[in-house]
1. Out of Gly212, Gly52, Gly159, any idea which swings most in a Gaussian network model of the chain, alpha carbons joined below 10 Å?
2. Which listed residue (Val162, Thr142, Met177) has the Cα farthest towards the positive end of the charge dipole for region 136-184, taking +1 on Lys and Arg C-beta and -1 on Asp and Glu C-beta about the Cα centre?
3. Which residue, Arg86, Arg77, Arg247, has the most motion in a Gaussian network model of the chain that connects Cα atoms within less than 10 Å?
4. Quick one: 3J(HN,Hα) in Hz for region 249-265, Karplus 6.51/-1.76/1.60 with θ = phi - 60°, rounded, Gly and Pro as x.
5. Starting from the Cα gyration tensor of region 1-158, take the square roots of the eigenvalues, sort them a ≥ b ≥ c, and report rounded, prolate or oblate (rounded when a/c is under 1.5, otherwise prolate if a/b is larger than b/c, else oblate).
6. For region 59-73, take each phi angle, set θ = phi - 60°, evaluate the Karplus expression 6.51 cos²θ - 1.76 cosθ + 1.60, and give the result in whole Hz per residue in order, putting x for glycine and proline.
7. Please list, in order along region 143-159, the HN-Hα scalar couplings obtained from phi with the Karplus expression 6.51 cos²θ - 1.76 cosθ + 1.60 (θ = phi - 60°), rounded to whole Hz, x for Gly and Pro.
8. First check a/c for region 35-120, with a ≥ b ≥ c the square roots of the eigenvalues of its C-alpha gyration tensor; if it is under 1.5, answer rounded, and if not, answer prolate when a/b is larger than b/c or oblate otherwise.
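Bear in mind these aren't lab numbers, they're just calculated from the coordinates by the rules spelled out. Quantities reported herein were computed from a predicted structural model and do not represent experimental measurements. Quick reminder, even Gly has a Cβ in these numbers, built from the backbone with ideal geometry, and neighbours come from all protein chains shown.
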Amino acid sequence: MNSLLQVDAAANLAPQLFNRVLQNVARRTEQRGHLRSPDADVREEMLRASEGLLVALCEGASLSIDREEPPACAHCRQPMVFKQNRDFILRSTLTGEPANVPSPYFFCENCHKGCLVLRDALGVNRDGMTESLAAKVGFAGTVEPYEPASSTLLRELAGVNVSGTKVHSVCQQFGAMAESLIERGQAADVRRVAPNETVYVMVDGSMLHMDGDWHEVKVAIIFAGSDRVAVSKHRAELVKRQGLVTRGTREVLGPMIYEALRSWLPLNRWGEPAIRGRVSPHRMVYL
Ligand SMILES: [Zn+2]
């Protein structure tokens, strides 16, 4: 049976790593001179050892990639050529610290572009983080400013070492992705309403500290009347809605709302959003 991960090498390494965990935990306890909080030592040492296992698994996966069967170039689809093995940086949720992992490096003679196939297969971002780590870092960076996200949420609570600068970098990448999804109307749960159903647009603003200064962020929520449902006696929830957000002026938000509404309104017989009367994006803002 073919396996994506070659576990044999890592399996041989496991007892050695486990033994090192026991030795290190014992040494830490001796140095401290008491037995309180042994879980913290075991946890930290296990995560370090797991990082070693992860690297061993990746090395196995790297060796199993056939150098004689090059991948097709992502740009021109021509077969690439194997050049050499190259290391790349991998950061995982285990410790967050950079580890060197080897990958075959293939090159397209046509486009003069290369690729590290294992790196691409693992889906690591440009900072070397796995998707799992990037998701945690992005989450931490949205809950707290970058430095406390790094020192408190990631280092103290998760045991993951990622600097505030890297948290900033990941949040910028997620921000660009979110912006693109919002622009394409894909960051929403949109449905076309029935002809007599009401669509609501609620607009608000908030001051946020970003990039060293305060900025007003304007937000809008679009939802259909019947998607507001009672979940208890005094509480209702929106089961579908679309959120819009911009750092621009109201003249920017207005056309964004106008464009978004086109996906909510019923279609007329010509397949166009059924907007009655003369409604302009700017008038909608000032109403
Ligand atoms: Zn190419």
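1. Looking only at Gly212, Gly52, Gly159, the largest GNM fluctuation is found for Gly212.
2. Val162
3. Top of the fluctuation ranking is Arg77.
4. 7, 5, 5, 8, 5, x, x, 5, 5, 4, 5, 5, 4, 4, 7, 9, 6
5. Details: a/c = 3.45, a/b = 1.64, b/c = 2.11.
Since a/c reaches 1.5 but b/c is at least a/b, the shape of region 1-158 is classed as oblate.
6. Per residue, the Karplus-derived 3J(HN,Hα) values read 4, x, 5, 5, 5, 7, 6, 6, 5, 7, 10, x, x, 7, 5 Hz.
7. Along region 143-159, the couplings run 7, 10, x, 4, 5, x, 4, 6, 7, 8, 5, 7, 6, 5, 8, 9, x Hz.
8. Numbers: a/c = 4.53, a/b = 3.22, b/c = 1.40.
Since a/c reaches 1.5 and a/b is larger than b/c, the shape of region 35-120 is classed as prolate.
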